[in-house]
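The values are calculated or read from the model by the stated rules, or taken from the named source; none is laboratory data. It should be emphasised that the depicted structure is a prediction, and the values quoted were computed from it without experimental measurement. Here the Cβ positions follow ideal geometry from the backbone for every residue, glycine too, while neighbour counts run over all protein chains shown. Ligands, DNA and RNA are excluded from the accessible area calculation, which covers all protein heavy atoms including side chains. Shrake-Rupley method; radii C 1.70, N 1.55, O 1.52, S 1.80 Å.
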Amino acid sequence: MSNRVVCREASHAGSWYSASGSQLNAQLEGWLSQAQSTIRPARAIIAPHAGYTYCGACAAHAYKQVDPSITRRVFILGPSHHVPLSRCALSPADIYRTPLYDLRIDEKVYADLWKTGLFERMSLQTDEDEHSIEMHLPYTAKAMESHKDEFSIVPVLVGALSESKEQEYGKLLSKYLADPSNLFIISSDFCHWGRLSCQRFRYTYYDESQGEIYRSIEHLDKMGMGIIEQLDPMSFTNYLKKYRNTICGRHPIGVLLNAVAELRKSGLEMNFTFLNYAQSSECRNWQDSSVSYAAGALVVH
């Protein structure tokens, strides 16, 4: 066995966000300064994973709810965009690099998860190609900077899970969600709308009663957001089946909702609130395209 430390490079730095630590730091500070800290401390957040030009301001509303003084482990659940995956996968890396500072993977939690037999090991190439986890690393580093040597991360790539698998992973991760020293980051954009926007989606749902197309998209997204706030996994699954909304992090969200459902059985009181919603552009005709972003936080009472 080699003891060589495996590092995952910040492969999207310089394109999806700034590769300059000082410039990135200033941008993150700017966005965070515009957000209110209303429902701290968050036990989990949902935040987008697009380029920071599009979603940096939205994501800040979720990260503003993070309390670095109590957080010792940050689980990051992101959907797989590039490789077919029917389960969840763990990284082969020990260190995740960011332009701010390096983040360390929690070896003990990874070993415990690996022992369950429920996880695959992704290749370093797959890890570096995927953006859904990486886009949360600079924000995590920024939110945790006052305690930067006192926490570790647990990145989990989430595949196209069946309902029963979402339940299984939710149950497994619920014990970690119950621990106040853990923070869960759920990586998801919301509606990907447009005929031309993306070969994989071609999604053009339009409810004319809402007015302009972008209003219809907002209505559809906010219907889903309202269902997520109810914290009922079955209602969310039914919403997705009915409307086919292209929420790319639907499986990580499903895992979170199932983990919450498991903890509620033992009487734990939790609330989820969305704090911000944005769209990359306002669609007004069939040639337009957009991606929606939402930021919210889960608190335990």
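Could you say whether any residue in segment 168-188 is open to solvent by 10 Å² or more (accessible area, probe 1.4 Å), farther than 25 Å from Glu262 by Cβ and modelled with pLDDT of 95 or more? Checked segment 168-188: no residue is open to solvent by 10 Å² or more (accessible area, probe 1.4 Å), farther than 25 Å from Glu262 by Cβ and modelled with pLDDT of 95 or more. Restricting attention to segment 15-34, the residues that are assigned to a loop (DSSP other than H, G, I, E, B) and either modelled with pLDDT of 95 or more or in contact with a Cys (Cβ under 6 Å, 6 or more places away or on another chain) (or both) add up to 4. Say whether the condition of being crowded, with 19+ Cβ neighbours inside 10 Å and of a type in the set (Gly, Ala, Ser) is met by at least one residue in segment 100-120. The answer is no; no qualifying residue exists. Being closer than 20 Å to Leu256 by Cβ and either open to solvent by 40 Å² or more (accessible area, probe 1.4 Å) or modelled with pLDDT of 95 or more (or both), is that true of even one residue in segment 195-213? Within segment 195-213, none of the residues are closer than 20 Å to Leu256 by Cβ and either open to solvent by 40 Å² or more (accessible area, probe 1.4 Å) or modelled with pLDDT of 95 or more (or both).
Look at segment 87-114: where a residue is without any contact (Cβ under 8 Å) to a residue 40 or more places away in the chain and a partner is hydrophobic (A, V, I, L, M, F, W, C) and assigned to a strand (DSSP E or B), sitting 6+ places away or on another chain with Cβ atoms under 9 Å, you get Trp114/Leu90.
Condition first: open to solvent by less than 30 Å² (accessible area, probe 1.4 Å), touching a strand residue (DSSP E or B) at 6+ places or on another chain (Cβ under 6 Å) and under 27 Å from Asp67 (Cβ atoms). Can you find one or more residues in segment 266-273 that meet it?
yes
Answer with yes or no whether Asp67 is in a loop (DSSP other than H, G, I, E, B), closer than 18 Å to Leu183 by Cα and among the acidic types (Asp, Glu).
yes
Restricting Leu231, Leu256 to those that are at pLDDT 95 or above and surrounded by fewer than 21 Cβ atoms within 10 Å (Cβ to Cβ) reduces the list to Leu231.
One line per residue, one yes/no per condition, for (1) surrounded by 23 or more Cβ atoms within 10 Å (Cβ to Cβ); (2) aliphatic (A, V, I, L, M); (3) under 20 Å from Glu150 (Cα atoms):
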| position | (1), (2), (3) |
| --- | --- |
| Trp16 | no, no, no |
| Trp31 | no, no, no |
| Gln36 | no, no, no |
| His49 | yes, no, no |
| Cys55 | yes, no, no |
| Val83 | no, yes, no |
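The set of residues in segment 84-93 that are within 19 Å of the chain's Cα centre (by Cα) and either part of a strand (DSSP E or B) or not charged (D, E, K, R) (or both) comprises Pro84, Leu85, Ser86, Cys88, Ala89, Leu90, Ser91.
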